[in-house]
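The next block holds one structure in the form of structure tokens; read it before the comments.
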Amino acid sequence: MGNFLECMGSFFCRQKNTNVRITLPFVCFLWQIAMIVLFGIFIRYDEESDVRKWLELKERNNITSDIENDFYFRYPSFQDVHVMIFVGFGFLMTFLKRYSFGGVGFNFMIAAFGVQWALLMQGWFHALDPVTATISIGVESLINADFCVASSLIAYGALLGKVSPVQLMIVTLFGVTLFAVEEYIILDLLHCRDAGGSMVIHAFGGYYGLAISWVLYRPNLHQSKRLNGSTYHSDVFAMIGTLFLWMYWPSFNSAITDHGSGQHRTAINTYIALASSVLTTVAISSLSDKRGNLDMVHIQNATLAGGVAMGTAAEFMITPYGSLIVGFCCGIISTFGYLFVTPFLEKYLKLQDTCGVHNLHAVPGMLGGFIGAIVAAFASEEVYSRQGLIETFDFEGEFADRTPGTQGGFQAAGTCVAIVFGLVGGAAVGLILRLPIWGDPADDNCYDDEAYWEVPEDEESIPPVLEYNNHMIHKHQDIAESNFSVEQS
Amino acid sequence: MGNFLECMGSFFCRQKNTNVRITLPFVCFLWQIAMIVLFGIFIRYDEESDVRKWLELKERNNITSDIENDFYFRYPSFQDVHVMIFVGFGFLMTFLKRYSFGGVGFNFMIAAFGVQWALLMQGWFHALDPVTATISIGVESLINADFCVASSLIAYGALLGKVSPVQLMIVTLFGVTLFAVEEYIILDLLHCRDAGGSMVIHAFGGYYGLAISWVLYRPNLHQSKRLNGSTYHSDVFAMIGTLFLWMYWPSFNSAITDHGSGQHRTAINTYIALASSVLTTVAISSLSDKRGNLDMVHIQNATLAGGVAMGTAAEFMITPYGSLIVGFCCGIISTFGYLFVTPFLEKYLKLQDTCGVHNLHAVPGMLGGFIGAIVAAFASEEVYSRQGLIETFDFEGEFADRTPGTQGGFQAAGTCVAIVFGLVGGAAVGLILRLPIWGDPADDNCYDDEAYWEVPEDEESIPPVLEYNNHMIHKHQDIAESNFSVEQS
Amino acid sequence: MGNFLECMGSFFCRQKNTNVRITLPFVCFLWQIAMIVLFGIFIRYDEESDVRKWLELKERNNITSDIENDFYFRYPSFQDVHVMIFVGFGFLMTFLKRYSFGGVGFNFMIAAFGVQWALLMQGWFHALDPVTATISIGVESLINADFCVASSLIAYGALLGKVSPVQLMIVTLFGVTLFAVEEYIILDLLHCRDAGGSMVIHAFGGYYGLAISWVLYRPNLHQSKRLNGSTYHSDVFAMIGTLFLWMYWPSFNSAITDHGSGQHRTAINTYIALASSVLTTVAISSLSDKRGNLDMVHIQNATLAGGVAMGTAAEFMITPYGSLIVGFCCGIISTFGYLFVTPFLEKYLKLQDTCGVHNLHAVPGMLGGFIGAIVAAFASEEVYSRQGLIETFDFEGEFADRTPGTQGGFQAAGTCVAIVFGLVGGAAVGLILRLPIWGDPADDNCYDDEAYWEVPEDEESIPPVLEYNNHMIHKHQDIAESNFSVEQS
């Protein structure tokens, strides 16, 4: 009878069908074929990667050395960013005990799709040649595509374990689209500077993910509670992600800043802020535990908050000690977020945020936007020199008479635009994802790779049996010990 | 009686002796000492790494900046390639549940030997100064040595778990030797272009490994079947390898292409092709499972097929959408290979291919060779400009009057040479490896690190005992439960 | 009664209190705030990272291209070094079965603090502007800070699992301070060359850690013996550290050598020496086991000895075969160290060296110092050219009339200075660490993450219970089997 009830219960709980055999291949093929067609129509090599145009450019501009090709300025940073996107974000999401495949695997899938779509979307908004109606791409386009997709990967962090791969493809399709639009508004119309993307990547991506997660709220998610946690080795895997993100963040923020002192200074500022975040994260994490023990969740995430918050200001003359202060504060704020805000959001705002992107991306990104606004507003000719001001803030063309003060105001406005785009866009995408056709898992089937992956049958994959065994072992002990004493007597 | 028979069976099965205490140190010392002697005779710093010669070169050529040193053009790419060789290939081979030490450790050993031998072999064939009889090495030589050893590591993929470390040293010694010869024929005599090595590295290495594995066919390999699979965490380890290969493949293909637009374009094309492979791999993997579940084997391997297949064509003007199409097709072909061809080869051709190098290297490499031939054949002055054609295809000296069409023919011929070298060379090396002196494991001892490594005694390392315990537990349950009911009654 | 005795025993053994809830946050906050104040007073951007100064420098020196900024010469190498510090050292120390969090996590914490303190200390000694009393930092400062902190991480290797995070902060504070002083004496006063830090980093760091460990000798450490070992997967994690150290060591040694042929040659020499170390390590490891099996400890560590020993000589014209010989010898020496010297030190000198830094850093570092001295002493105008000698050894200013022979003497003296600083400084710091206020673990609580971390409750985290179960299972077997036979009869 108990068995029968169990079966029925399991039947009703699992009424959701996670079989994506039709939808996932369909979406992958459809979108990949669309990419081929659109690339054929629009995408071309730019002047520095096309063999003919590069020879012409060298002749026209009297370039004597191939080392002047933008490839040599940006390719090493591009590769660092690339590692952050695929290994950094991917492995950071392997921390769940039975969702490591989904963490690193789906991250891989959506990033690979996203960069293609980003090359098109960003190209249409930023680099469309009005005469030929084509988009020219080079190494900077690849970096920007990686940046663009980062915002969708951040959103994935809030959804980790609760959505199907098909839903993730939708999240990425709209995420990249929204990103290209808000980026156009912020960087082109408002003429903000945001090289490392505190606003356009982190604030947008964080709130985008949170809004989706809020719309997709699962009241019975506690049914998967047993899987919403880490194991010893899954936490070590996640540290691979953390460290590659942490180490390469200076490259992330400096990848597309100005040649020369711009890239140089951005890397230094980010390096310093990140170092500072680590210490305050450790301090708050230890302080919050009654035995003073550190929590891996904090070390894996809040240590990165300094990098997020320096995304806008790192290329400015924020000074080294200014960078330290930013890292100092953000390490504290982010760790407090993991301790208090994430549980609060879940309990009172019905917002389930698996990786705590609220604390690592949304809030530090927003703060980074405002920090950038303040630092920009206080920029002076004394510190930058006239020419330096012009180069750093691109006070050229129609923006030639903008002052640092005005720029600060626009930077702040840009931050608000990013947040609004994230919240509104996320809510809309969340509604689309509530359609019952995407193969998302049932509440008791979340955080479980078995829903979408062939999982090898090792000990760990069959916990119910193990638990049963353990249960039986304890039972035996009682019996056996009594037997034993009988035998001894 | 049963126990006795079991013991006897185990005795006869294990007649093979995996003790390599004499042979392995002997081979290591002998070859390392030979390297020292040969390096002493032949190897010198080249003009850009010798302090005197670099000063002279700068003066002679009016080079005003040290940034013109080839180091700054190629070192970042070299380091990416280096990571692919040691972490990429190494961790990709950690997927087996009890052969991770052998996967990453032997890969490390043979790569470290191979690069030394490659510096000599490639030097003799490509860079021997006829006057001084010495070989000059620089950063490009290091990249080429890494490339050369990659073909032997690919061959290791087919042999993983079935050979001894001494056999692997033999495989590498001959693999590097054969590579240098076929590379000389293909690149120098046939004057093919193959910067990323679709032909010379992947097609050669893949067929070399397959031919060896075919000669070493083990009819009773099913006796190790329990170990020929992954665990949850070994699959996550393998993803480290996959992702570093995937991310750095643009550096692999562009590492030795022409300065300037050459390196730039190659990186872009490879990046695009790889992105496309991921989506079609996911699609086919999902389509092939009745529940639509993804298979880690496909994600770990077939996603890389686009990079392999672009090894020749990536430096040409294949166009971005052309790259997408290559990645699209190769993701499909490679995944189909894992689904159907590898089982077919094992069942009907008696070819045991542990990592499926047939699907990841042999076939995509061959296809890459032919794709390169086609793209070369269609190269036009219109697209490349006259000067661009000369630079891209090196139509200089004795090859000054070669046309793109002819070049295409030679590229196709080069692909065939690589395959023939792989098959014939592999068969010959396989015969050498059948000598009973190399300490290879018995059929029931394959895929097991205990044969060649000191393995820590954790739970996982003693599966037979564990199984016994589990067996006993179940037995107890029956007894205990009956006892229990008795006590209750 | 037995239970009571056990409790009492455990009470006395665990009288030490590992609760760092007050001390750790206090130290972190205090030092981070001190950093902010000191950075505010002293640290400024240098000429190549300050937007105004870079514009002025370009104009003053007629620099036409931003690619001449030192950022483009050194940033890729910096990032490789950065990976070595955080992923390389961090993951190398994850090999213990239950101390992976502490290995990678505390490494992260002290490195992040150390680099800040190093920027100040190294700045005061090497780059303090006498007029403005400020320190100018650029990418080379970041590399030097990473180098400086490496010596403290090496020291951590000797102490792994036996100290508290607060003690590690003390080790780093004094380690960085001592480093800056000995570096000033060796590089500035003695005018030694030591680009890759055989002396200043490895010999100093190694002996510093050994001296601390000697002072902190624990006679009852055997009580934690069950945890002083690896598991299968923790060994694979450690290989991540090994390989990133091994692959990027050429960048480590070449990161701050001379532009042009200097960086180029250093990378080549290091690459070659490392390759050679791998083979001799494998040979000795296999030779030392009666079944010829390899030991992961050797492969993880001794393979790196060639890189350590080339830290000084790699930038000289040591010749490629000279590099091979250095790697050859150091692989052997280091593996012998792990086999014989570490046990000897523990047994007879009461020196507990968890990671064997004696064999990987102290001895190869010392040897590297003397190898550098010899190679410097034999430097000739014939090989280097006059200008090359001056550039390589900085025979300028007050050192203009130094000969290679004299330089060799000073190099040897520098090595001795590094060792003395390590031993004396380490002994003094060790005494400080013996104060009973730092929260270090009890003897039976070493190598255990539970002392300082929240550890997820998976099977592996409760070994005592498991052991008990196993014990009980065996007991049951006896009983159950007898029952079974009774039932059968």
Nm distances between the label at B:Ala133 and the same-position labels in the remaining copies, 7 Å along Cα→Cβ, shortest first? 6.8, 6.8
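List the pairs from B:Lys162/B:Lys225; A:Lys290/C:Lys225; A:Lys97/B:Lys225; A:Lys97/B:Lys290; A:Lys290/C:Lys97; A:Lys58/C:Lys58 whose alpha-carbon separation is above 18 Å, in the order I gave them.
A:Lys290/C:Lys225; A:Lys97/B:Lys225; A:Lys97/B:Lys290; A:Lys290/C:Lys97; A:Lys58/C:Lys58
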Specify whether the C-alpha gyration tensor of the range C:22-440 places it in the rounded, prolate or oblate class, a ≥ b ≥ c being the square roots of the eigenvalues: rounded for a/c under 1.5, otherwise prolate if a/b is larger than b/c and oblate if not. oblate
Taking C:320-330, B:304-314 and ranking on average Cβ neighbours within 10 Å, highest first, one gets B:304-314, C:320-330
With every protein chain present, what is the per residue accessible area of the range A:190-309 (1.4 Å probe, Å²)? 17
When chain A is turned about an axis onto chain B, which of its residues keeps its C-beta closest to that axis, and how many Å is it? A:Pro76, 3
Tell me the total accessible area that C and B bury against each other, 1.4 angstrom probe, in square angstrom rounded to 100. 7300
So the label point sits 7 Å from Cα along the Cα-to-Cβ vector; using that for C:Ala427, what distances do you get to the other copies, in nanometres, sorted shortest first? 7.1, 7.1
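Between A:Leu128 and B:Arg402, what is the FRET efficiency for a Förster distance of 30 Å, r being their Cβ-Cβ separation, to the nearest 0.05? Please report the intermediate quantities before stating the final value.
Numbers: r = 39 Å, r/R0 = 1.28.
That pair, A:Leu128 with B:Arg402, gives E of 0.20.
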Just from its helices, what would the mean residue ellipticity at 222 nm be for the protein assembly as shown, if runs of 4 or more DSSP H residues each count -39500 (n - 2.57) and the sum is divided by every residue, rounded to the nearest 500 deg cm²/dmol? -20500 deg cm²/dmol
Farthest towards the positive end of the dipole of chain C, among C:Ala442, C:Phe26, C:Val375 and with Cβ unit charges of +1 on Lys and Arg and -1 on Asp and Glu, lies the Cα of C:Ala442
Carbon-plus-sulfur fraction of the accessible area of the range B:42-454, 1.4 Å probe, in percent? 62
Average beta carbon contacts from partner chains per residue of B:17-29, 10 Å cutoff: 6
Determine the shielding of peptide C:289-300 by partner chains: average, over its residues, the number of Cβ atoms on other chains within 10 angstrom of each Cβ. 6
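At 1.4 Å probe radius, can you tell me the per residue accessible area of the range B:91-154 in Å²?
On the way: 1230 Å² over 64 residues.
Ligands and nucleic acids excluded, the result is 19 Å² per residue.
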Please identify the GluC sites (Glu not before Pro) of the range C:370-439 that satisfy two criteria: DSSP loop assignment and at most 15 other Cβ atoms within 10 Å. Which are they? C:Glu396
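With a ≥ b ≥ c taken as the square roots of the eigenvalues of the C-alpha gyration tensor of the protein assembly as shown, please select rounded if a/c is under 1.5 and otherwise prolate if a/b is larger than b/c or oblate if it is not?
Since a/c stays below 1.5, the shape of the protein assembly as shown is classed as rounded.
Ranking request for peptides A:348-356, A:219-227: highest mean number of other beta-carbon atoms within 10 Å first, then the rest in descending order.
A:348-356, A:219-227
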Can you give me the long-range amide H partners of B:Trp453? Hydrogens built in the peptide plane at 1.01 Å from N, cutoff under 5 Å, separation of 5 or more residues or another chain. C:Leu294
Please give the length that would be gained between C:Phe340 and C:Leu189 if that part of the chain were fully extended, namely 0.36 nm times their separation in residues minus their C-alpha to C-alpha distance (nm, one decimal). 50.6 nm
Count, for each residue of B:31-44, the Cβ atoms from other chains sitting within 10 Å of its Cβ, then give me the mean as a whole number. 5
Only protein chains counted, 1.4 angstrom probe. Which residues of the range A:102-137 are at least 50 Å² less accessible in the assembly than when their chain is isolated? A:Phe108
Once the label point is placed 7 Å from Cα along Cβ, list for C:Ile63 the distances to the corresponding points in the other copies, in nm, shortest first. 2.0, 2.0
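The values are calculated or read from the model by the stated rules, or taken from the named source; none is laboratory data. These numbers come from a predicted model, not from an experiment. We place every Cβ from the backbone using ideal geometry, glycine too, and count neighbours over all the protein chains shown. Accessible surface is based on the protein model in full, side chains and every heavy atom, while ligands, DNA and RNA are left aside. Shrake-Rupley method; radii C 1.70, N 1.55, O 1.52, S 1.80 Å.
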